[in-house]
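The numbers here are math on the coordinates, done by the rules we state, and not lab data. Keep in mind it's a predicted model, so treat the numbers as computed, not measured. We place every Cβ from the backbone using ideal geometry, glycine too, and count neighbours over all the protein chains shown.
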Amino acid sequence: MGQFQQFLDANPEIKRKAKAAGPKDPSRDGQIMKRLNSDDNCPQILMTWFEAAQYCNWLSQKEGIAAEEWCYPALEQIKEGMSLPSNYLHRTGYRLPTEAEWEYACRAGAYTARFFGSSEDLLPEYAWYTGTTFNERPWPVGELKPNDFGLFDIYGNVWEWGQDRVKIYRSESGPRIREDIEDSTLIVSKDHPRPRKGGSYTYGPELCARVSYPEWLYSGRASGQRRLSTGANSSLIPVECRRRVSWRSRSGSEALSTSDPANDEH
């Protein structure tokens, strides 16, 4: 959360628009933010997909990555109706992970339902969900066990925004390889919801670490929505075995997060 707050402070116009969200203001002064009493090590909540993209660009700029390698347009152009660069997956700036990248990072080489196995018994050792948070609040990242890639909070705490449009993957007979390429639709709008992955502190174990979700769960996640468990897990990965809040190109280190669309407050 602390780094996202630095981003807001460094971009007064973005912060002004965010504060106009009323109780769902994602800044430290927001009503919900104050009530949850989150510290800088907690995930950032109430973040829209557009703010997540802006934050990624800010990280790219901070690290001195050339603007032509950024995966999103200029900050002021990141809004409803924006168009993504046609080669965004091949640029080296920070961005959100595709669903395939997220699944790869989550599984960490495992073939079981969860990266630690198929049983639910060990989930409290890895995830903040209703069974460990009692639906109260998100918790500081990095306090539970990581997966075999060294990624903390890959399950639970807050949902994680994905890069591309929602796609419904249905079971098919026989093996089928799907190439992870740039989306054919480059326009980002409320008509094309973005995926969220991983579960959250307001959901039960059945939605933590699911590879696929029921179709009702995919509805209503427009890019401009703010949700109570929408945010970013802000710990660094592989270098410090923690997750930062974005995905650095296809070389792939980092991942951003999302929220619950099924309920306006969660």
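How would region 74-171 be classified by its alpha-carbon gyration tensor: rounded, prolate or oblate, with rounded meaning a/c under 1.5 and the a/b versus b/c comparison settling the rest?
On the way: a/c = 2.17, a/b = 1.66, b/c = 1.31.
Judged from the Cα gyration tensor, region 74-171 comes out prolate (a/c at least 1.5, a/b above b/c).
Going by amide H atoms built from the backbone, whose H comes under 5 Å of the H on W128, apart from near neighbours?
N157
Quick one: length gained pulling S86 to L36 fully straight, 0.36 nm per residue minus the C-alpha distance? Before the final figure, lay out the partial values.
On the way: separation 50, 0.36 × 50 = 18.00 nm, distance 3.93 nm.
Answer, rounded to one decimal: 14.1 nm.
Taking amide H atoms as placed 1.01 Å from N in the peptide plane, list the residues 5 or more away in sequence, or in a different chain, whose amide H sits under 5 Å from that of I45.
Excluding prolines and chain starts, which carry no amide H, the hits are A232.
Tell me, how many Å apart are the Cα centres for region 10-73 and for region 95-174?
22 Å
With respect to the cross-link table entries K24/K79; K145/K190; K15/K167; K34/K167; K62/K167; K19/K62, which display a Cα-Cα separation exceeding 28 Å?
Values: K24/K79 18 Å; K145/K190 36 Å; K15/K167 31 Å; K34/K167 35 Å; K62/K167 32 Å; K19/K62 24 Å.
From the list (K24/K79; K145/K190; K15/K167; K34/K167; K62/K167; K19/K62), the Cα-Cα distance tops 28 Å for K145/K190; K15/K167; K34/K167; K62/K167.
Using a simple spin-label model with points 7 Å from Cα along the Cα→Cβ vector, what separation in nm is obtained for I187 and S119?
5.2 nm
Suppose R0 equals 22 Å. What FRET efficiency, 1/(1 + (r/R0)^6) with r the Cβ-Cβ distance, do D9 and A100 give to the nearest 0.05? Could you put the intermediate results ahead of the total?
Numbers: r = 34 Å, r/R0 = 1.55.
Between D9 and A100 the formula returns 0.05.
By the gyration tensor of its Cα atoms, with a ≥ b ≥ c the square roots of the eigenvalues, what is the shape of region 1-121: rounded for a/c under 1.5, prolate for a/b over b/c, or oblate?
Values: a/c = 2.18, a/b = 1.16, b/c = 1.87.
Verdict is oblate for region 1-121.
Which value does Rg/Rh take for region 1-63 over its C-alpha atoms, Rh per Kirkwood? Could the numbers behind the result be given before it?
Details: Rg = 11.1 Å, Rh = 11.8 Å.
Ratio of gyration radius to Kirkwood radius for region 1-63: 0.94.
Using the eigenvalues of the Cα gyration tensor, what equivalent ellipsoid semi-axes result for region 36-85 when each is taken as the square root of five times the eigenvalue, whole Å, largest first?
Working: eigenvalues 110, 47, 8 Å².
Listed largest to smallest, the semi-axes of region 36-85 are 23, 15, 6 Å.
So for E125, E179, fewest C-beta neighbours within 10 Å to most, what's the order?
On the way: E125 10, E179 5.
Exposure proxy ranking, most exposed first: E179, E125.
May I ask you to sort S60, S83, S118 by Cβ crowding, counting other Cβ atoms within 10 Å and putting the fewest first?
Starting with the residue having the fewest Cβ neighbours, the order is S118, S83, S60.
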